[in-house]
Amino acid sequence: MTAAERVARHFHETYELLAPEHGWDTQETTRAKPWGEVPAHNRELMVATVQQLLDDGVIRPGETLDADA
């Protein structure tokens, strides 16, 4: 799994966890689903977004993201 995929997965999981606390009702197709069960087009967009942020230097991977965890 690439750094972009790891960030996207963690973002998805955290977003779904925090959304209800902020009064947000997330999409039924992604709600509380593990990363592997999120529709491919959603995963691909999230990974592409994170990859662009990495490429632009907006975010930088650290030791945790560089590891194959």
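The values are calculated or read from the model by the stated rules, or taken from the named source; none is laboratory data. A quick note: this is a predicted structure, and the numbers were derived from the prediction, not measured. As a convention, Cβ positions derive from the backbone with ideal geometry for all residues, glycine included, and neighbour counts pool all protein chains shown. SASA here: full protein model, heavy atoms, side chains in, ligands and nucleic acids out. Shrake-Rupley method; radii C 1.70, N 1.55, O 1.52, S 1.80 Å.
Scan (1) open to solvent by 30 Å² or more (accessible area, probe 1.4 Å); (2) modelled with pLDDT of 90 or more for the single condition Ala4 breaks and write down its number.
If we test Ala4 against (1) open to solvent by 30 Å² or more (accessible area, probe 1.4 Å); (2) modelled with pLDDT of 90 or more, just (1) comes out false.
Of the conditions (1) closer than 21 Å to Ile59 by Cα; (2) buried (at least 17 other Cβ atoms within 10 Å of the Cβ), Phe11 satisfies every one except a single condition; which number is it?
Against the list (1) closer than 21 Å to Ile59 by Cα; (2) buried (at least 17 other Cβ atoms within 10 Å of the Cβ), Phe11 comes up short only on (2).
Please specify each residue of segment 14-36 satisfying the condition of being part of a helix (DSSP H, G or I), open to solvent by 50 Å² or more (accessible area, probe 1.4 Å) and among the hydrophobic types (A, V, I, L, M, F, W, C).
Let us first name the residues in segment 14-36 that are part of a helix (DSSP H, G or I), namely 14-22, 35-36.
Pick out the ones that are also open to solvent by 50 Å² or more (accessible area, probe 1.4 Å) and you get 14-15, 17-18, 20-22, 36.
Answer for segment 14-36, where residues must be part of a helix (DSSP H, G or I), open to solvent by 50 Å² or more (accessible area, probe 1.4 Å) and among the hydrophobic types (A, V, I, L, M, F, W, C): Leu17, Leu18.
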